[in-house]
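Data block below; observations after.
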Amino acid sequence: TTTLTVSILAAVVATIAGTFAAIGFYNMRRRWGGPLLAVNNIPVVNADIVTGVSLCLLFVSLSSLLAKLFGPMLKFDLGFGTLLIAHITFNIPYVILSIMPKLRQLDKNLVDAAQDLGCTWFQAFYKVIIPEIMPGIVNGLIIAFTLSVDDFVISYFTAGSKVQTLSMTIYAMTRKRISPKINAVSTLLFVFVLILLLIINIRETR
């Protein structure tokens, strides 16, 4: 339940944030957009253990800082919240990378034409831009969900001791006898993720 909840929430939030970020990058000048896209690619090429340890240290430092500034009431421990934020953080770059090619294929004249025909900017956004880049948004959503379900290293460093995902539970069981139920659930998860990846590849091929 924790694995699916975190994966669904992280995928949805990362897709929304990544969509707006991709549109922002696309409309920037190359002078600013290029360096920011390079920074966006760092979590993609970075090792998971580096990202996990960095986020863990960030959460611990932030908790201590809030406790010093505003009192112990605002101090927080690693748990579901930090796990969700970590998953959203490493999912956003993949969503942006999925949407950017669709934005580059978009004809800017379509938006201008829609506004000339009476659409407001918001109407042009959700009636013209969103339908044009929808394949990239769907691919980004599926990739984000798959990465969240699959992740172990970053979850291990940011979940704390009270929350466990399926991968963490399986890892904890390796020192003891692994229940056959875990084998069954792992097989179902593997098949489900495989189906999602097939959907992505078929969509990209078409």
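The values are calculated or read from the model by the stated rules, or taken from the named source; none is laboratory data. The model shown is predicted, which means the values in this text are computed figures rather than measured ones. Reconstructed Cβ throughout: ideal geometry from the backbone, glycine too, with neighbour counts over all protein chains shown. Side chains are part of the model used for accessible areas, which takes the heavy atoms of the whole protein and leaves out ligands, DNA and RNA. Shrake-Rupley method; radii C 1.70, N 1.55, O 1.52, S 1.80 Å.
Just checking the listed ones, Asp116, Asp48, Asp151: in the Gaussian network model of the chain with Cα springs under 10 Å, the one fluctuating most is Asp116.
Put a dot 7 Å past the Cα of Val60, heading toward its Cβ, do the same for Gln123, and the two dots end up 5.5 nm apart. Working from label points 7 Å from Cα in the Cα-to-Cβ sense, the Arg31 to Leu69 distance is 3.2 nm. When the chain is treated as a GNM with alpha-carbon contacts under 10 Å, the residue of Phe80, Phe190, Phe157 showing the greatest mean-square fluctuation is Phe190. The average projected area of the stretch 157-198, computed from the convex hull of its Cα atoms over all directions, is 3.8 nm².
Here the Gaussian network model covers the chain, with springs between Cα atoms less than 10 Å apart; of Pro135, Pro72, Pro43, Pro72 fluctuates the most. Taking R0 as 22 Å, what FRET efficiency do you get between Asp48 and Thr187 from their Cβ-Cβ distance, rounded to the nearest 0.05? Efficiency computed from Cβ-Cβ geometry: 0.40.
Computed over protein heavy atoms with a 1.4 Å probe, the accessible surface of the stretch 105-169 works out to 53 Å² per residue. Under the classification rounded if a/c is under 1.5, otherwise prolate if a/b is larger than b/c and oblate if not, where does the stretch 1-128 fall, given a ≥ b ≥ c as square roots of the Cα gyration tensor eigenvalues? Prolate is the answer for the stretch 1-128, as a/c is 1.5 or above and a/b outweighs b/c. In this simple spin-label model, placing a label point 7 Å from the Cα along the Cα-to-Cβ direction at both Asn201 and Phe20 gives a separation of 3.5 nm.
Compute and list, largest first, the equivalent-ellipsoid semi-axes of the stretch 55-186 from the alpha carbon gyration tensor, each √(5λ) rounded to a whole angstrom.
That gives 40, 24, 10 Å for the three semi-axes.
Pairs of lysines in the chain whose Cα atoms sit within less than 25 Å of one another amount to 6, provided the residues are eight or more positions apart or on different chains. The gain in end-to-end length when the Glu132 to Asn41 segment is fully stretched comes to 30.4 nm, 0.36 nm per residue minus the alpha carbon separation. Phi angles across the stretch 121-134 convert, under the Karplus curve 6.51 cos²θ - 1.76 cosθ + 1.60 with θ = phi - 60°, into 3J(HN,Hα) values of 4, 5, 5, 5, 5, 8, 9, 10, 5, 4, x, 5, 9, 4 Hz, Gly and Pro given as x. Could you give log10 I(q)/I(0) at q = 0.32 Å⁻¹ for the stretch 1-49, computed by the Debye formula over C-alpha point scatterers of equal weight, without solvent? Listed by q, the Debye log ratios stand at -1.05. Largest first, the three principal axis extents of the alpha carbons in the stretch 115-198 are 68, 29, 15 Å in whole numbers. Taking only protein heavy atoms and a 1.4 Å probe, the accessible area of the stretch 1-72 is 72% carbon and sulfur.
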